[in-house]
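Novice: Dumping the structure here so I can ask a few things about it.
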């Protein structure tokens, strides 16, 4: 009994630490990229004759036709069956204040069109929607707060491919502290980031004080 | 110097394949790419007398190499040369600053002589929805205009110079004409101006030899990030709990963690209620 308590205690402690790590104030992810491998290995001896095998420098044709941009099809629908969410998705850019633009129509979620798409080789696909509206009351994304780990999420793209994800992380963070460069990261493994508002509401300024950011990872079940 | 460089090139190559890194880093290594723009000549490229590119073909782009800031000597020889002692181009001295991004181009002068030019690539952040298009004249040809959709967007560009445009992301139908004319010498060709990236187009080759062409280099990772997501106006989903991060959780063990998350929420709920 005592041992079991201890195990649970350890798990809870570990969990608490994870929560602390995931909350606001996490250092900007870019900082980790600044390590300089050249410096670390700069003193390693690699003396060789000039005509020895040269280092493998990446090389490619610079011809226009060999460098066409590969554009992934935009997402067109998002479903979280366990939360009763099934909404259309359309591309957006920025609004006049430099924020991600969203649709007033509650039946349409917004995909940040300059970021990654579900079929992209790398990066975060960002889909956001309003949590509520004066006209339509609570909207589907209000139910994101009830997501639990491993809950399935499906995103269909314009090519008809269904990309399957599993919920991994839910963060509700004060708006000033959200790590937007991480949420909109175009590098790293493919993932899905869903954003809406949450937390307390500022009645005077008609705005929420926090953002809810849900991260889901691919389960490889695209069809 | 040679030893350090060889090691740095080895290490830099691995890194360069993956990440571009912070766009505006004022520290860290310099990045150097090499473009071969001399028609009909396969070459070897030596950096500080060390063979760095073997049998480098015209129209090919190598790199980026990550190099510690400092001075380097680049020599370009015929591909059958035994060493860098009798270069066809150079040796040229390059001074590379920390955190900057460079392309050195082996190319022809306006009058058709082989030469090499070091360009500094603009890697400043781009505005959302925009890409950066840089056009460099490295061809044996007089001054040119660059036309987009038939209208001049760059005028009187001479070898070995460049002009930089920040444009809405998209495909530009570009052609190169003698300055003051609209009859294309090159193109029209579709150039992808990708959002958040620097697209560098080189006009290279020789007008006299009728082998003018375009080459392209792309530097990604210059994009900006939205500064927020305004996703609610009515307050209907507001929590009354003090402290707004009560719902935050992370999954590592799937079901176990989900259970823990539920337990965590259950434990917190009475506490939150009692505080009201």
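The values are calculated or read from the model by the stated rules, or taken from the named source; none is laboratory data. Given the structure is predicted, the values throughout are model-derived calculations rather than measurements. In this analysis, Cβ positions are derived from the backbone assuming ideal geometry, glycine residues included, and neighbour counts consider all displayed protein chains.
Novice: Against the conditions (1) under 27 Å from residue B:122 (Cβ atoms); (2) modelled with pLDDT of 50 or more, where does residue B:54 fall short? Just the number, please.
Specialist: Just one mismatch for residue B:54, condition (1).
Novice: Could you list, in sequence order, all residues of region A:150-168 that are outside any strand (DSSP E or B) and within 7 Å of chain B (Cβ to nearest Cβ)?
Specialist: Residue satisfying the conditions is A:150 alone.
Novice: Taking into account only those residues within region B:28-44 that are more than 9 Å from every other protein chain (Cβ to nearest Cβ) and part of a strand (DSSP E or B), which is surrounded by the most Cβ atoms within 10 Å (Cβ to Cβ)?
Specialist: Only one residue fits best here, namely B:32.
Novice: Okay, next question. For region A:185-212: of the residues being closer than 20 Å to residue A:108 by Cβ and either more than 7 Å from every other protein chain (Cβ to nearest Cβ) or assigned to a loop (DSSP other than H, G, I, E, B) (or both), which is farthest from the chain's Cα centre (by Cα)?
Specialist: A:212
Novice: Applying the selection to region A:169-184, what residues are facing another protein chain (nearest Cβ under 7 Å) and farther than 23 Å from residue A:108 by Cα? Let's see the steps before the verdict.
Specialist: Kept after step one, since they are facing another protein chain (nearest Cβ under 7 Å), are these residues of region A:169-184: A:169-175, A:180-181, A:184.
Correct list: A:169, A:173, A:174, A:181.
Novice: Considering only residues that are over 17 Å from the mean Cα position of the chain (by Cα) and surrounded by 17 or more Cβ atoms within 10 Å (Cβ to Cβ), look in region A:77-93 and name the one that is nearest to residue B:214 (Cα to Cα).
Specialist: A:87
Novice: Check region A:70-87 and report whether any residue there is within 15 Å of residue B:229 (Cα to Cα) and either out of contact with any helix residue (DSSP H, G or I) (no Cβ under 6 Å at 6 or more places or on another chain) or free of Cβ contacts under 8 Å to residues at least 24 places away in the same chain (or both).
Specialist: Step one: filter region A:70-87 for residues within 15 Å of residue B:229 (Cα to Cα), giving none.
So far as region A:70-87 goes, no, none of its residues is within 15 Å of residue B:229 (Cα to Cα) and either out of contact with any helix residue (DSSP H, G or I) (no Cβ under 6 Å at 6 or more places or on another chain) or free of Cβ contacts under 8 Å to residues at least 24 places away in the same chain (or both).
Novice: For region A:37-84, what are the residues that are under 30 Å from residue A:111 (Cβ atoms) and either at pLDDT below 80 or at the interface with chain B (Cβ under 7 Å from one of its Cβ atoms) (or both)?
Specialist: Within region A:37-84, A:64, A:67, A:68, A:69, A:70 meet the criteria.
So that you can scan it fast, the table gives a plain yes or no per residue for (1) in the same structural domain as residue B:106 (by TED's automatic domain parsing); (2) in contact (Cβ under 8 Å) with a residue 60 or more places away in the chain; (3) surrounded by 14 or more Cβ atoms within 10 Å (Cβ to Cβ); (4) outside any strand (DSSP E or B):
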residue: B:152; (1), (2), (3), (4): no, no, yes, no
residue: B:160; (1), (2), (3), (4): no, no, yes, yes
residue: B:163; (1), (2), (3), (4): no, no, yes, no
residue: B:176; (1), (2), (3), (4): no, no, yes, no
residue: B:182; (1), (2), (3), (4): no, no, no, yes
residue: B:187; (1), (2), (3), (4): no, no, yes, no
residue: B:202; (1), (2), (3), (4): no, yes, yes, no
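Novice: Residue check: is residue B:196 within 14 Å of chain A (Cβ to nearest Cβ) and either in a loop (DSSP other than H, G, I, E, B) or at pLDDT below 95 (or both)?
Specialist: Values: within 14 Å of chain A (Cβ to nearest Cβ): yes; either in a loop (DSSP other than H, G, I, E, B) or at pLDDT below 95 (or both): yes.
In short, yes.
Novice: Follow-up question, since we're still on this one. Out of B:75, B:81, report the one residue that is part of a loop (DSSP other than H, G, I, E, B) and at negative phi.
Specialist: Just a single option satisfies the conditions, and that option is B:81.
Novice: Of all residues being within 17 Å of the chain's Cα centre (by Cα) and without any contact (Cβ under 8 Å) to a residue 40 or more places away in the chain in region A:103-132, which is surrounded by the fewest Cβ atoms within 10 Å (Cβ to Cβ)? Just the residue, please.
Specialist: So, considering only residues that are within 17 Å of the chain's Cα centre (by Cα) and without any contact (Cβ under 8 Å) to a residue 40 or more places away in the chain, the one surrounded by the fewest Cβ atoms within 10 Å (Cβ to Cβ) is A:113.
Novice: Run down A:105, A:132 and say which single residue is farther than 20 Å from residue A:72 by Cβ and facing chain B (nearest Cβ under 10 Å).
Specialist: Numbers: A:105 fails: facing chain B (nearest Cβ under 10 Å).
It is A:132.
Novice: Here's another thing I want to ask about it. State all residues of region A:108-122 that are within 13 Å of another protein chain (Cβ to nearest Cβ) and within 30 Å of residue B:217 (Cβ to Cβ); if no residue qualifies, say none.
Specialist: The answer is A:111, A:112, A:113, A:114, A:115, A:116, A:117, A:120, A:121, A:122.
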